[in-house]
Amino acid sequence: MPLLVMKFGGTSVADLDRIKNAAEKVKREVERGYDVIVIVSAMSGKTNELVGWVEQTSPLYDAREYDAVVASGENVTAGLMALTLQEMDVPARSWQGWQVPIQTTSAHASARFVDIPRGNIDQKFAEGMKVAVVAGFQGVSPEGRITTLGRGGSDTTAVAFAAAFGAERCDIYTDVDGIYTTDPRITAKARKLEKIAFEEMLELASLGAKVLQTRSVELAMRYKVRLRVLSSFEDSDANSGTLVCDEEEIMESKVVSGVAYSRDEAKMTLVSVEDRPGIAAAIFSPLAEAGVNVDMIVQNISEKNYEGHSVAVTDMTFSCPINQVARARKAMEDAKAAGEINFDELVEDTEVAKVSVVGIGMRSHAGVAAKMFDALSVEGINIKVISTSEIKISVLIDRKYMELAVQALHDAFELDTAA
Ligand code: ADP
Ligand code: ASP
Ligand code: MG
């Protein structure tokens with residue numbers, strides 16, 4: 001029997017009517033002759049509420065208990081979806097992660113898949129079940145504790161199931177009808193793409209375009225999963241939405257194909273750090289151990305007058321997600337107290353955002369950075385930190401200019417028109 005994976009995000013299962021709408025889409029595929037694995041998210045807003053409860057209860061929480069709490073949102077939807085399908089005479093049952101069992105690492109709140117054994121679900125399909133509804137975003141660690149995959153992780157559950165079960169396609173149903181040149185909420189000029197290359201989507205996702213979780217794109221690329229993003233709010237057919245595929249399948253070739261942003265960034269600067277070999281390791285090792293995801297790094301060498309001598313010092317600036325600032329601060333203060341590093345001051349800027357342009361065409365075109373910086377300067381936007389790779393350029397700017405920056409870059413690279 002051919003098999004499809006259909007994933008429904010939070011807004012697509014936001015209430016009982018939306019669940020019914022999603023279930024109707026599933027039923028249609030069953031009628032077309034497919035077995036279906038449905039991956040569900042928590043109802044819209046639910047995970048944020050659960051995270052809020054955890055943070056209120058324990059600011060530097062035990063990640064194992066965080067996972068126990070936040071995984072519960074998906075459990076509710078999985079059961080409700082299975083019940084809804086049963087009411088429509090579609091043989092269906094639900095699975096929580098541990099029942100499959102979806103085996104993951106024990107990196108709580110950012111666990112990775114280790115194995116998805118097919119046996120339990122295959123057996124039920126063999127017995128006549130048509131739809132397996134699986135709670136997204138979760139799994140179980142080798143220690144038998146509930147794990148979650150990081151925000152947006154149900155996308156990754158969907159792709160991993162599509163790979164494990166050899167699905168014909170993995171359809172990600174969401175609240176937009178595809179992947180756009182930038183977030184359509186930021187500019188009405190955003191243009192829907194027919195197709196996008198895995199590598200570009202990977203960059204866009206990792207730079208903040210939350211339409212797909214980064215790890216889901218990585219897995220799809222590695223296991224050659226046909227991955228599609230489409231709307232649960234519209235009727236769809238085989239050509240709806242945006243296909244994420246190999247570069248070779250794409251005709252359109254622009255130098256820049258998309259603009260991404262990440263609102264929740266923070267910039268931290270260690271002022272007057274002693275400049276010596278090993279200092280970067282002494283700073284970034286404790287940050288890594290504390291689970292801080294450092295992104296951009298800049299180092300400025302300067303001189304400081306110390307007891308009449310001029311000594312070389314450095315200001316070390318790094319960016320990280322805003323919700324990791326407290327952990328980062330503690331890691332730095334602990335390292336200072338332990339005598340591992342020395343700095344005068346730790347300056348935090350929690351009013352920044354990251355804006356990035358992405359495109360595989362950048363590999364063979366010069367001048368993209370200049371054009372980007374020029375477009376920002378015309379708008380009077382100051383760049384605080386820059387980082388580049390082969391197919392992207394990112395800048396850190398004041399958060400209040402984020403929308404303006406995205407719009408200006410979208411215009412500058414003429415993304416509203418096809419190549
Ligand atoms: P779901 O709850 O279905 O997983 P998400 O909110 O995680 O949905 O992702 C969908 C959202 O991603 C859209 O509503 C849109 O605002 C945002 N988004 C960001 N960048 C893009 C982009 N380039 N194309 C489409 N949507 C994008
Ligand atoms: N419910 C989880 C979240 O909001 C996972 C997901 O929706 O993909 O992050
Ligand atoms: Mg999502």
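Structure values in brief
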read-out: Yes/no for residue 132 being surrounded by fewer than 23 Cβ atoms within 10 Å (Cβ to Cβ), more than 16 Å from ligand 3 (Cβ to nearest atom) and under 24 Å from residue 33 (Cα atoms); value: no
read-out: Region 1-13, residues that are under 26 Å from the mean Cα position of the chain (by Cα) and either without any contact (Cβ under 8 Å) to a residue 12 or more places away in the chain or open to solvent by 40 Å² or more (accessible area, probe 1.4 Å) (or both); value: 11
read-out: Near pairs, Cβ below 9 angstrom, 6+ apart or cross-chain, from region 310-338 (closer than 13 Å to residue 288 by Cα) to any residue that is assigned to a helix (DSSP H, G or I) and among the hydroxyl-bearing types (Ser, Thr, Tyr); value: 335/285
read-out: Residue list for region 24-60, restricted to those being more than 10 Å from ligand 2 (Cβ to nearest atom), in a helix (DSSP H, G or I) and either closer than 29 Å to residue 2 by Cβ or among the basic types (Lys, Arg) (or both); value: 24, 25, 26, 27, 28, 29, 30, 31
read-out: Strands (runs of 3 or more DSSP E) fully within region 118-229 counting 3 or more residues that are at pLDDT 95 or above and either basic (Lys, Arg) or more than 29 Å from residue 262 (Cα to Cα) (or both); value: 131-135
read-out: Options 276, 263: the member that is charged (D, E, K, R) and touching a Gly at 6+ places or on another chain (Cβ under 8 Å); value: 263
read-out: Any chance residue 292 is out of contact with any Phe, Trp or Tyr (no Cβ under 6 Å at 6 or more places or on another chain), open to solvent by less than 80 Å² (accessible area, probe 1.4 Å) and assigned to a strand (DSSP E or B); value: no
read-out: Hey, residue 99 polar (S, T, N, Q), more than 28 Å from residue 208 (Cβ to Cβ) and either crowded, with 16+ Cβ neighbours inside 10 Å or away from ligand 3 (no atom under 16 Å from the Cβ) (or both) or not; value: yes
read-out: Residue that is farthest from residue 41 (Cα to Cα) [pool: residues in region 153-211 that are within 10 Å of ligand 1 (Cβ to nearest atom) and of a type in the set (Ser, Thr, Tyr)]; value: 181
read-out: Matching residues in region 130-155 - criterion: being free of Cβ contacts under 8 Å to residues at least 60 places away in the same chain and farther than 25 Å from residue 84 by Cβ; value: 140, 141, 142, 143, 144
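Every residue, every condition in (1) touching a Gly at 6+ places or on another chain (Cβ under 9 Å); (2) on the phi < 0 side of the Ramachandran plot; (3) surrounded by fewer than 19 Cβ atoms within 10 Å (Cβ to Cβ), yes or no:
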| site | (1), (2), (3) |
| --- | --- |
| 33 | no, no, yes |
| 42 | yes, yes, no |
| 57 | no, yes, yes |
| 82 | no, yes, no |
| 106 | no, yes, yes |
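The values are calculated or read from the model by the stated rules, or taken from the named source; none is laboratory data. All values derive from a computational prediction rather than experimental measurement. Every residue, glycine as well, gets a Cβ built from its backbone with ideal geometry; the counts of neighbours run over all protein chains shown. Just the protein is used for accessible areas: all its heavy atoms, side chains included, with ligands, DNA and RNA removed. Shrake-Rupley method; radii C 1.70, N 1.55, O 1.52, S 1.80 Å.
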